[in-house]
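Structure first, commentary second.
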Amino acid sequence: MEIIRTSNAVYKNQIVALYIEAFSTGLSQQYVNPIELETYIASILENGYALLALENGQVIGALLCCPFEFDKLIPAEINQNFSIEKCVYVAEMMVSGNNREQGIGKKLMHEFFETVDKSIYSDSFIRVWDENIPALNLYIKVGFTPIATIQQTKVKKNGKETFSMQKIYLHKRLI
């Protein structure tokens, strides 16, 4: 397995497929509009970059990051206590179901902290569903601290009904 950093859209379709696998199956099972998702992923790549875990040229894990102001749901307590323009946001973190529990997420996080531009960013943030215990434990293990929560409405996989998720914002100082 290798980890690469890219803003190139050449891997966009694989990132989209990984996102759909990660967020439309399992416990969260939410509806994902592929067209909106493609636009979202392209926007992250334009404004930030991806760290990709590749195995035989296939994306098996991805960490997508960009400036924090990209997140339109930042809670007021974070806006009031941080210089948002100096914050980087891990917008997405995903590992293929077949490759979980192999340390890929930890390696992506390590690479992120090693390579993020600390001359631009002083703080990092990530948001996670409070019921995603493996991800929450990983983020805490690598040094993130819970700092705020929001409620986010999602559409169920059937495309009709909605449900609410409590999301936890976690923070880690970079410098």
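Values in this text are rule-based calculations from the coordinates and carry no lab data. Just so it is clear, the structure is predicted and the values come from calculations on it, not from any experiment. Positions of Cβ are backbone-derived with ideal geometry, glycine not excepted, and every protein chain shown enters the neighbour counts.
Whether any residue in the range 37-59 is aliphatic (A, V, I, L, M), assigned to a loop (DSSP other than H, G, I, E, B) and either more than 20 Å from HIS110 (Cα to Cα) or under 17 Å from the mean Cα position of the chain (by Cα) (or both) is what I want to check.
no
Given the conditions (1) outside any helix (DSSP H, G or I); (2) among the hydrophobic types (A, V, I, L, M, F, W, C); (3) under 26 Å from VAL155 (Cα atoms), report the number of the one that LEU18 does not fulfil.
The number of the failed condition is (1).
If a residue must be crowded, with 17+ Cβ neighbours inside 10 Å and either on the phi > 0 side of the Ramachandran plot or among the polar types (S, T, N, Q) (or both), how many such residues does the range 120-175 contain?
2
Report yes if TYR31 is under 20 Å from LYS107 (Cα atoms), surrounded by 14 or more Cβ atoms within 10 Å (Cβ to Cβ), touching a residue at least 40 places away in the same chain (Cβ under 8 Å) and in contact with a strand residue (DSSP E or B) (Cβ under 8 Å, 6 or more places away or on another chain), otherwise no.
no
Of all residues in the range 68-85, which are of a type in the set (D, E, K, R) and part of a loop (DSSP other than H, G, I, E, B)?
Scanning the range 68-85 gives ASP71, LYS72.
Show the residue pairs that are 6+ apart or on different chains and have beta-carbon atoms under 7 Å apart, the first residue being within the range 1-19 and of a type in the set (Asp, Glu), the second being surrounded by 13 or more Cβ atoms within 10 Å (Cβ to Cβ).
Listed pairs, sorted by first residue: GLU2/LEU54.
For the range 36-47, does any single residue satisfy the condition of being touching a residue at least 40 places away in the same chain (Cβ under 8 Å) and either at positive phi or surrounded by fewer than 18 Cβ atoms within 10 Å (Cβ to Cβ) (or both)?
There is no residue in the range 36-47 that is touching a residue at least 40 places away in the same chain (Cβ under 8 Å) and either at positive phi or surrounded by fewer than 18 Cβ atoms within 10 Å (Cβ to Cβ) (or both).
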